[in-house]
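The values are calculated or read from the model by the stated rules, or taken from the named source; none is laboratory data. All values reported here derive from a predicted model rather than from experimental measurement. We place every Cβ from the backbone using ideal geometry, glycine too, and count neighbours over all the protein chains shown. Surface accessibility is based on the protein's heavy atoms, side chains included, excluding ligands, DNA and RNA. Shrake-Rupley method; radii C 1.70, N 1.55, O 1.52, S 1.80 Å.
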Amino acid sequence: MTAPDDRSALMGTYAPAPVVFASGSGSELFDVDGRRYLDFLGGIAVVALGHSHPAVTAAVVKQAARLSHVSNLFANELAAPLAEALDRLVGDGTPLGGQVFFANSGAEANECAIKLARRVGGRGRHVVVSAYGSFHGRTLATLAATGQPQKHEPFVPMPEGFRHVAYGDIEALESAADPTSVAAILLEPIQGEAGVVVPPHGYLAAVRKLCDEREILLLLDEIQTGLGRTGRWFDCQHEGVVPDILTSAKALGNGMPIGACWARREVADAYEPGDHGSTFGGQPLACAAAMATLTTMEEIDAPRLALERGSHLSEALRELDGVASVRGRGLLLGAVLEDDIDASALSGLALSHGLVVNAPVPSVLRFAPAYTVTDDQSDEAAALLGQAIADARRRAPRREGAP
Ligand code: PLP
């Protein structure tokens, strides 16, 4: 079934979609014609507990019948307990006493973080240094922080105050982060949109040290890597790093739109009433979904599950002819393809075989399935991908002598 064509009432910000999905359960999706697909993209690292998870569905239904929205002129019963739960997970089980601002998306969570860094840095010390290849969102400030000049190009001039350096290179950061102008360093612990790029081990810890020495804020964007996906509650915990500001979204509501900007108490204190806000951010319906998501994640030990299921999936992918290597951690994996295969064409072929994945860059397929994905489903996904690779090679046969 083909999605809206060029006469659609939807703006053309996305390429025409080949499928219209109607329902989902766990790691399965069904299109409007009832065809089954295996979802190994998880709504781009969002549906961590699987589609239509009963606890999240029940929480949303119950809350919708009770109270959906009151505005942030008033408190609601859910936002503060949810902030406490998130603070505890940022502390890997130990409350850190930090504070949270709730937004509706990842980009908004990062907007909150960038504004907070400017508030702390003060006039003149407002620069945010981030990495080439990064992705931080589509609003103007988060786009400016995003280290992909080709995405800036149609919208220049970009907001002022953003600098980029090579990812994973501590010396490049040392040169760029002068403490007189730089308020914060903003990084993803793994660059998901760049094709699941993992920096050298020790990089984050070295960045933390640099930030401490120069009194620069460390702002970690864990929107894609966080909430168990890479085998810890937040990926920075692999290196024992606690940032000054951490942003979360995607998996937080298991599909309900919610983002969060967490900050150490002394940092969060820089915000005063009126400095930042959102009509919907932290509203009861989204908070109910997020609370049910976090509670369930703790019950099932989400980080352990992501590690175990991720190790099976990465092994299954590694065995495929056409996959040169597999990188990433837990259930955020990138299959690096051999040179003769185009990832974008392959993701289209995989879809035609009933497998949902995507190609963030031309050489890599990304996998970010639900933590509840079974090993049998991973084996089935690898088999479907194998068929898609064979199709791709039939269409564009390998050149003699090609690697
Ligand atoms: N930061 C990272 C690391 C992301 O992966 C994304 C989305 O892919 C964002 C920010 C933006 O999140 P959203 O699309 O919810 O605004």
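Values as computed for the structure displayed
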{"read-out": "Filtered residues of the range 119-130 (kept if outside any strand (DSSP E or B) and either touching a His at 6+ places or on another chain (Cβ under 6 Å) or open to solvent by less than 20 Å² (accessible area, probe 1.4 Å) (or both))", "value": "none"}
{"read-out": "Any chance Ser378 is open to solvent by 10 Å² or more (accessible area, probe 1.4 Å), closer than 22 Å to Lys250 by Cβ and in a helix (DSSP H, G or I)", "value": "no"}
{"read-out": "Count of residues meeting criterion [under 22 Å from the mean Cα position of the chain (by Cα) and touching a residue at least 60 places away in the same chain (Cβ under 8 Å)] in the range 166-197", "value": "10"}
{"read-out": "Residue among Val196, Val165 that alone is of a type in the set (Val, Ile, Thr), more than 30 Å from Thr293 (Cβ to Cβ) and either in contact with a helix residue (DSSP H, G or I) (Cβ under 9 Å, 6 or more places away or on another chain) or open to solvent by less than 20 Å² (accessible area, probe 1.4 Å) (or both)", "value": "Val165"}
{"read-out": "Some residue of the range 223-242 being among the aliphatic types (A, V, I, L, M) and within 22 Å of Gly124 (Cα to Cα)", "value": "no"}
{"read-out": "Residues being surrounded by 20 or more Cβ atoms within 10 Å (Cβ to Cβ) and of a type in the set (Ser, Thr, Tyr) - total across the range 341-371", "value": "2"}
{"read-out": "Positions within the range 240-268 being part of a loop (DSSP other than H, G, I, E, B) and in contact with a helix residue (DSSP H, G or I) (Cβ under 9 Å, 6 or more places away or on another chain), in sequence order", "value": "Gly240, Val241, Val242, Pro243, Asp244, Ala249, Gly255, Pro257, Ile258"}
{"read-out": "Check on Thr146, in the same structural domain as Tyr271 (by TED's automatic domain parsing) and without any contact (Cβ under 8 Å) to a residue 24 or more places away in the chain", "value": "yes"}
{"read-out": "Number of the condition not met by Arg163 [criteria: (1) in a strand (DSSP E or B); (2) within 15 Å of the ligand (Cβ to nearest atom); (3) of a type outside the set (A, V, I, L, M, F, W, C)]", "value": "(2)"}
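Per-residue answers, yes or no, for (1) open to solvent by 50 Å² or more (accessible area, probe 1.4 Å); (2) within 16 Å of the ligand (Cβ to nearest atom); (3) out of contact with any Pro (no Cβ under 7 Å at 6 or more places or on another chain); (4) without any contact (Cβ under 8 Å) to a residue 12 or more places away in the chain:
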{"residue": "Lys250", "(1), (2), (3), (4)": "yes, yes, yes, no"}
{"residue": "Pro257", "(1), (2), (3), (4)": "yes, yes, yes, no"}
{"residue": "Arg304", "(1), (2), (3), (4)": "yes, no, yes, no"}
{"residue": "Arg309", "(1), (2), (3), (4)": "yes, no, yes, no"}
{"residue": "Ser314", "(1), (2), (3), (4)": "no, no, yes, no"}
{"residue": "Val326", "(1), (2), (3), (4)": "no, no, yes, no"}
{"residue": "Leu333", "(1), (2), (3), (4)": "no, yes, yes, no"}
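For every residue, the table says whether it meets (1) more than 16 Å from the ligand (Cβ to nearest atom); (2) farther than 27 Å from Pro362 by Cα; (3) of a type in the set (A, V, I, L, M, F, W, C); (4) assigned by TED's automatic domain parsing to the domain that holds Asp92.
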| residue | (1), (2), (3), (4) |
| --- | --- |
| Ala172 | yes, no, yes, yes |
| Val197 | no, no, yes, yes |
| Asp212 | yes, yes, no, yes |
| Leu246 | no, yes, yes, yes |
